[in-house]
Amino acid sequence: MTILANNIKRILKNKVQFLLILVLPALFLIPLSLNINADKRPVKIGILDLDKTAYTTMLADNLAARASVVELKDYGQSKIQADVINSVYDYILVLDKGYTSSLIQGSAPEPKAYYLQDSLTTLPVQKYLEGYLSSSQRIASAAAGDEGKFYQAMRQYISPAIGLDYQVIAEIDRHKSYTTLGMFLMFMLFTTVVYTTLILTDKENKTFYRTIAAPVSLKSYMFQNILGFLLISVLQVTVIFIVLRLFMGIYLGDSVLNMYLLFLVVSLVCVSFGVAISSTAKSVIQAAFVGLFLTFPMSFLGGCWWENDMSTKAIQSIGKFTPVYWIMEGVNKLLDHQSFADISGDVFIVLIFVLVFFFFGTWRREDIAA
C-alpha cells in the first residue's frame, strides 16, 4: 500500500488542495448558514379588509401582535403585486366582502394572499395563518352556522403560538440544512476533481509509467489511487459534519448517522466522478475546467440550490439523469424524518452512477502504452 500512503501525504501536504478540501468549504458554509434568514426586521403585512367584521378585526389584531400590520384602502391587484415585488410589503392579505359569513356557514373560503414565493421572511406569517385559519374552520364547523357560538368560541380560542413558532423554526432549520448540505455536495464534487488530477500529474511527470514498469499491476495502482481518494473524501465529510453539527448547530435529520452514511455514498460518487474526468482528460487544466463546468449544471439540475419540487417539470426530468438529483432526494427525505431504509431506492440509483463513472474512469487500456 505504498502508493496509497504516498498519495494521501501528497494531497494533504499540498497547501492549495488542503485549503480546498477542508478549510474553504467550512469558511463558505458558515456565513452561508448564518445569512439564511439573517434578516431580523419585522415582517411588513398589508391587510385589505373588505369584509369589516369582528372576525377579520380579530385576525388583524392577532397578526399585529406578531408583525408590523398596515390597513390598506383602495388597493387594486396591480398595486398589490407591485408593492410585493418592490418589497413595500412582505405579505398582503385580502379578505373579500362576505368572507366571514361564508366561513361561519362552513364553506371554508381561502383568503387571497400575495407574497414572494419561497421567501423565508414571510414563512412565519404563512405558518401562523395556516394554523389560525384551520382552527377557525374547525370552530365554524362545530358552531354549525351559529354566529353567536362561533364568536364565543373564537374569543376563548388561544392561538397556539408556541406550537406554530416551533413549526416555523423547524421549517427554517430544515431549509437552512438543505441549502447548506446542497452547497457542501457541490463543493465535494469540484474539490474531488481537483485532487483526483493526481492521476494526470503522475502521467505528466512519468511517475505513472515508472510505477507500472515496477512490480505493481495496473489494477493495484488504480485500486490504491481510488482508495486514497476515497479516504480523503471520507475525511472531508467527517470534518465538515463535525463543523456543521457541533460548531454551527445545523439540523441533520433525526439521525446524524443516517445523513453521514448518505454522504459516505456521496464520497463514492465524487471519487468515481473525479476519476472518470481525470482518466479521460488530456491535462490537469482540462480536467479542472471540465469538472467545474460539469459540477455547476449538475448542482443546478439536481437540486443543490433549491428543492427539486420547486423546479420546473423539465428541469426535474433532466435532473433525474444526474446522481445529484437522487442524493438531494435522499437529503430531503432524511430531513423530513424518514429513515435510511426509506432512501434505499435513491441510494441504489446513486450507486449505479458510481459504477458507470468508475467504468469510464478505468476502462482505458491505452494509458499503459509507452
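Checking LEU93, LEU129, LEU72 one by one, the residue that is over 30 Å from TYR178 (Cα atoms) and touching a strand residue (DSSP E or B) at 6+ places or on another chain (Cβ under 8 Å) is LEU72 and no other. Every listed requirement among (1) aromatic (Phe, Trp, Tyr); (2) surrounded by fewer than 19 Cβ atoms within 10 Å (Cβ to Cβ); (3) within 28 Å of HIS175 (Cβ to Cβ) is met by TYR115 save one, (2).
Among the helices (runs of 4 or more DSSP H) confined to the range 140-209, the ones with at least 3 residues that are within 22 Å of ALA287 (Cβ to Cβ) and either open to solvent by 50 Å² or more (accessible area, probe 1.4 Å) or modelled with pLDDT of 85 or more (or both) are located at 161-196. Within the range 55-72, the set of residues being among the hydrophobic types (A, V, I, L, M, F, W, C) and open to solvent by 50 Å² or more (accessible area, probe 1.4 Å) comprises ALA64, ALA65, VAL70. Summed over the range 254-282, the residues that are within 19 Å of TYR178 (Cα to Cα) and either open to solvent by 10 Å² or more (accessible area, probe 1.4 Å) or basic (Lys, Arg) (or both) give a count of 9.
Which of the residues spanning the range 286-299 are open to solvent by 10 Å² or more (accessible area, probe 1.4 Å) and in contact with a Ser or Thr (Cβ under 9 Å, 6 or more places away or on another chain)? Once the filter is applied, which keeps residues that are open to solvent by 10 Å² or more (accessible area, probe 1.4 Å) and in contact with a Ser or Thr (Cβ under 9 Å, 6 or more places away or on another chain), the range 286-299 yields ALA288, VAL290, PRO297, MET298.
Condition check ((1) open to solvent by 50 Å² or more (accessible area, probe 1.4 Å); (2) part of a helix (DSSP H, G or I)) across all residues:
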{"site": "ILE47", "(1), (2)": "no, no"}
{"site": "ASP74", "(1), (2)": "yes, no"}
{"site": "SER87", "(1), (2)": "yes, no"}
{"site": "THR100", "(1), (2)": "no, yes"}
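Checked against the criterion of being in contact (Cβ under 8 Å) with a residue 40 or more places away in the chain, among the aromatic types (Phe, Trp, Tyr) and in contact with a Ser or Thr (Cβ under 9 Å, 6 or more places away or on another chain), the range 111-123 has no qualifying residue. Across the range 271-293, the qualifying residues are those that are within 27 Å of the chain's Cα centre (by Cα) and not hydrophobic (A, V, I, L, M, F, W, C), and the one among them that is farthest from PHE357 (Cα to Cα) is GLY291.
The values are calculated or read from the model by the stated rules, or taken from the named source; none is laboratory data. What you see is a predicted model; the values in this text were computed from it and never measured. In this analysis, Cβ positions are derived from the backbone assuming ideal geometry, glycine residues included, and neighbour counts consider all displayed protein chains. Please note that ligands, DNA and RNA were not included when accessible areas were found on the heavy atoms of the full protein model with its side chains. Shrake-Rupley method; radii C 1.70, N 1.55, O 1.52, S 1.80 Å.
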